[in-house]
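Worksheet: the structure to be examined is printed underneath.
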Amino acid sequence: MAAAHLARRDPAPGEAGPACPDALWCAQDRVVEEFAMNQPIPPYLFAFAAGDIGFRDVGPRTRVYAEGGTAMLDAAAREFAGTEEMIRVGEALFGPYEWERFDLLVLPPSFPYGGMENPRMVFLTPTVIKGDASGAQVVAHELAHSWTGNLITNKTNEDFWLNEGFTTYAERRIVEMVQGEERAALNTGIGWRGLNEEMERFKDNMEFTKLKPKLAGIDPDDVYSQVPYEKGFQFLWRIERQIGRPAFDEFLKKYISTFKFQSIDTETFLEFLKANVPGIENQIDLKLWVEGTGIPPDAMEPVSTIYTKIVSLAKDFNAGRMPREDEVADWHGQEWELYLENVPKAVEASQVAALDARYRLAESRDWEVKVAFLQLAISSGCKEYFGEVEKTLKQVGRMKYLRPLYTALVQGTGRDEEKMLAKRIFAEAHDGYHPIAQGVVESILSKHS
């Protein structure tokens, strides 16, 4: 339960009222669990889970919960062992942690999101358990929500960037402190690539590339994208560069302390920004950033040695040059993900197969790497990997993976075989997906039917 546990006791007659008769409520072996949530939260953050759930303590404020026995718990505990350090870093950057506990629940593979920031009990997909602690970056994002999203919440879906843009910025600050500047730059680089891909996705309806789009009559799930995350991050990063990090850090702390436990809109934030950073509207085109479409010209691609090297190697692949083993010896999942995201999609199938023969990317334990590679395999017409695509789509229900793989199968002309494959896979995997994920895939298949 995303609340504090108070007591476990026997049921008492009459307390369930008309909802449940006493004969059932007070039946043998029935117990009552009592919880309390003293902090005000919006209803979308209320959550509870039930099952054969075990736990491991990984810090003074954190337990990892999971089904699946000791193997899953041990793997999760190793992956998230650094959580307490991240909490302390978050407190140093953004102020006191207001929620007492920061527990983590690993859900079944059908969970459609990477994580959900329920206060006190974050829900996580098992795909973030990668074996090298890099999955802790998702935990860093959900932790950052403890200040930006849970303490200060967007008033409407049109203000969603106030949750996710701020949280993406906060996540990268935490990652930078805990894992180093290069790791944060890789995170930013992957986000930059994702933001540019969203511009292509929405090229026929640029309204959804605005920080504050008009969503009247629109189901937000239908236009869910990286725009509020990454364009929101870029906006805040632009303000930081303008006024300097120390001044921006003080601004953030004041912003959080001023509006905590409230829901606000974009206009409230902008007024607070202008009141506390006098003249900022003359230095940054705030209207362009919030109401304009596309990526503003003063957005910035990250600058780092490893980022530049990886992007350069990805471009070389189009000319037939595969990275040497000594060049990738120190790479982890994020490096490979960034590389694959930047490899041109119009490459020969033989090149893709040769890359996998050397580095076994289709078999990666890191789902980000596996899915990025399978996208490349589909787009290059490398049909020998369709079996792995099918296995992947039937194994997990995280929408971050379903969207690109189903889309890669069905978009474009002359893909009748791939479209039939996508429809068959979905028919067989449908019942294992969350209803939200089912709707997303149905929309993709309908659009490209």
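Here are the numbers:
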| quantity | calculated |
| --- | --- |
| Tally of residues being touching a Lys or Arg at 6+ places or on another chain (Cβ under 8 Å) and either in a helix (DSSP H, G or I) or among the basic types (Lys, Arg) (or both) across the stretch 201-226 | 2 |
| Filter pass, Met206 being over 24 Å from Leu286 (Cα atoms) and touching a residue at least 24 places away in the same chain (Cβ under 8 Å) | no |
| Boolean, Leu195 is surrounded by 15 or more Cβ atoms within 10 Å (Cβ to Cβ), touching a helix residue (DSSP H, G or I) at 6+ places or on another chain (Cβ under 6 Å), among the aliphatic types (A, V, I, L, M) and in a loop (DSSP other than H, G, I, E, B) | no |
| Neighbours by Cβ (under 6 Å, 6+ apart or cross-chain): first from the stretch 295-310, part of a loop (DSSP other than H, G, I, E, B); second surrounded by fewer than 17 Cβ atoms within 10 Å (Cβ to Cβ) | Pro296/Leu288; Ser304/Glu182 |
| Matching option when the condition is surrounded by fewer than 20 Cβ atoms within 10 Å (Cβ to Cβ), over 18 Å from Ser263 (Cα atoms) and in contact with an Asp or Glu (Cβ under 9 Å, 6 or more places away or on another chain), among Pro96, Pro108 | Pro108 |
| The stretch 56-93: number of residues that are of a type in the set (A, V, I, L, M) and within 21 Å of Ser257 (Cβ to Cβ) | 5 |
| Scope the stretch 12-52; condition more than 12 Å from Ala2 (Cα to Cα) and part of a helix (DSSP H, G or I); matching residues | Gly17, Pro18, Ala19, Asp22, Ala23, Leu24, Trp25 |
| Residue check for Leu270: modelled with pLDDT under 95 and either part of a helix (DSSP H, G or I) or within 25 Å of the chain's Cα centre (by Cα) (or both) | no |
| Residue tally, condition part of a loop (DSSP other than H, G, I, E, B) and in contact with a helix residue (DSSP H, G or I) (Cβ under 7 Å, 6 or more places away or on another chain), over the stretch 350-366 | 2 |
| Members of the stretch 399-432 found to be of a type outside the set (D, E, K, R) and within 18 Å of the chain's Cα centre (by Cα), listed by number | Met399, Tyr401, Leu402, Pro404, Leu405 |
| Some residue of the stretch 71-88 being surrounded by 21 or more Cβ atoms within 10 Å (Cβ to Cβ), β-branched (Val, Ile, Thr) and in a loop (DSSP other than H, G, I, E, B) | no |
| Answer residue from the stretch 313-349, given it is part of a loop (DSSP other than H, G, I, E, B) and of a type in the set (Lys, Arg) and is nearest to Glu384 (Cα to Cα) among those | Lys345 |
| Condition broken by Phe272, with the remaining ones in (1) in contact with a strand residue (DSSP E or B) (Cβ under 9 Å, 6 or more places away or on another chain); (2) surrounded by fewer than 16 Cβ atoms within 10 Å (Cβ to Cβ) satisfied | (2) |
| Residue that is surrounded by the most Cβ atoms within 10 Å (Cβ to Cβ) [pool: residues in the stretch 56-70 that are out of contact with any Asp or Glu (no Cβ under 8 Å at 6 or more places or on another chain) and assigned to a strand (DSSP E or B)] | Ala66 |
| Number of positions in the stretch 287-315 that are farther than 23 Å from Val343 by Cβ and modelled with pLDDT under 95 | 0 |
| Which listed residue is assigned to a loop (DSSP other than H, G, I, E, B) and either over 24 Å from Glu337 (Cα atoms) or not β-branched (Val, Ile, Thr) (or both), from Ser443, Ser449 | Ser449 |
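The values are calculated or read from the model by the stated rules, or taken from the named source; none is laboratory data. No experiment lies behind these values; they were computed from the predicted model shown. Here the Cβ is made from the backbone with ideal geometry for all residues, glycine too, and neighbour counts use every protein chain on show.
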